[in-house]
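The values are calculated or read from the model by the stated rules, or taken from the named source; none is laboratory data. Bear in mind the structure is a predicted one, so any value in this text is a computation, not a measurement. All Cβ positions, glycine included, derive from the backbone under ideal geometry; neighbour counts span all protein chains shown.
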Amino acid sequence: MTPILFYGVPSGCSFGSIVALEWLGKPYRLARIDMPEVVQSDEYRRINAVGETPSLLTQDGRLISESLAILNHIGTSGIEKGLGFKQGAAGFDRLNQTLAYLNTSFFSSFGPLWYTLEHDMAPPAKQALRAYGAANVAKVHDQLEKMLGKGPWLLGEQRTLADAYFIGIARWTKYHDVIDRKDYPGLRQLFERLEDDPAVKFAHAIEHGDNPKGNGGFAGHVSLETALGEI
Ligand SMILES: N[C@@H](CCC(=O)N[C@@H](CS)C(=O)NCC(=O)O)C(=O)O
């Protein structure tokens, strides 16, 4: 069957998996999941027990959750394209290390800021949490800038799935204006290079609800009901 990626809107971390599938270029379908309404429904929990996006229904009918697992699954199919590496290779370890950092420290640094946006809070508590989140986001940008090396991609010369995942998280500063990317010149260049990438533009258009063409792998949207019928 043609795989289905369940992606969350608005602005889910599943963005990176859409970019990765576009870079891979093999046929895939998308199922759009509204957050928080649909993502926490009993129907969607049949796809993902913890009620989160992304999830992937694979070609052989298995369900995979967690960005790291989904990206590594895509990476295995994309070794010949340089998107991933064979397990045991030095490149695999570097990619896994970078993805793990992005999926833990980098992703989580935004948590307090999302909380202040999504919950009613007393102003002093909100201010304290926002200050804590802002300091965390600045800290991880500083750390990642130091890890970057000469670039131009996160792993150096080779564009990998780490770059796809990075852009899906880094763009959250449009909701949380707590850093100035000019302070992180390497990350700024990477961010701008990725924002110019056709697959990233495609993913933005998909999230926006447009009908972009993509590079040919995208085989259309399916509803959650249709997808459930296929598991
Ligand atoms: N550890 C998970 C985290 C996934 C996650 O937190 N997804 C968010 C969107 S970025 C979500 O679906 N939240 C559900 C909600 O907003 O109710 C992963 O890396 O895939």
Q: Find the residue count for the stretch 54-93, including only residues that are in contact with a Leu (Cβ under 9 Å, 6 or more places away or on another chain), of a type in the set (Ser, Thr, Tyr) and touching a residue at least 24 places away in the same chain (Cβ under 8 Å).
A: 3
Q) Which one of these does GLU118 not meet: (1) free of Cβ contacts under 8 Å to residues at least 12 places away in the same chain; (2) within 12 Å of the ligand (Cβ to nearest atom); (3) surrounded by 13 or more Cβ atoms within 10 Å (Cβ to Cβ)? A) (3)
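Residue under question is SER109, and the condition is that it be hydroxyl-bearing (Ser, Thr, Tyr), under 20 Å from the mean Cα position of the chain (by Cα) and within 22 Å of PHE202 (Cα to Cα); does it hold?
Values: hydroxyl-bearing (Ser, Thr, Tyr): yes; under 20 Å from the mean Cα position of the chain (by Cα): yes; within 22 Å of PHE202 (Cα to Cα): no.
No: the conditions fail for SER109.
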Q | Odd one out for LYS139, checked against (1) away from the ligand (no atom under 16 Å from the Cβ); (2) in a helix (DSSP H, G or I); (3) in the same structural domain as PHE191 (by TED's automatic domain parsing); (4) more than 23 Å from ARG188 (Cβ to Cβ) | A | (4)
Q.
List the residue pairs whose Cβ atoms are under 8 Å apart, where the first residue sits in the stretch 12-36 and is under 16 Å from LEU194 (Cα atoms), the second is more than 15 Å from the ligand (Cβ to nearest atom) and of a type in the set (Ser, Thr, Tyr), and the two are 6 or more positions apart or on different chains.
A. LEU21/TYR28; LEU24/SER77
**Q.** Criterion violated by MET121 - all others in (1) assigned to a helix (DSSP H, G or I); (2) touching a helix residue (DSSP H, G or I) at 6+ places or on another chain (Cβ under 8 Å) satisfied
**A.** (1)
(Q) Just the residues that are surrounded by 14 or more Cβ atoms within 10 Å (Cβ to Cβ) and farther than 18 Å from VAL222 by Cβ, please, taken from the stretch 41-64. (A) GLY51, GLU52
Q) With respect to ASP177, is the statement that it is over 23 Å from PHE106 (Cβ atoms), without any contact (Cβ under 8 Å) to a residue 12 or more places away in the chain and assigned to a loop (DSSP other than H, G, I, E, B) true? A) no
Q. When you go through ARG159, ARG171, ARG193 one by one, which is the residue that is within 27 Å of GLN97 (Cα to Cα), among the basic types (Lys, Arg) and assigned to a loop (DSSP other than H, G, I, E, B)?
A. ARG159
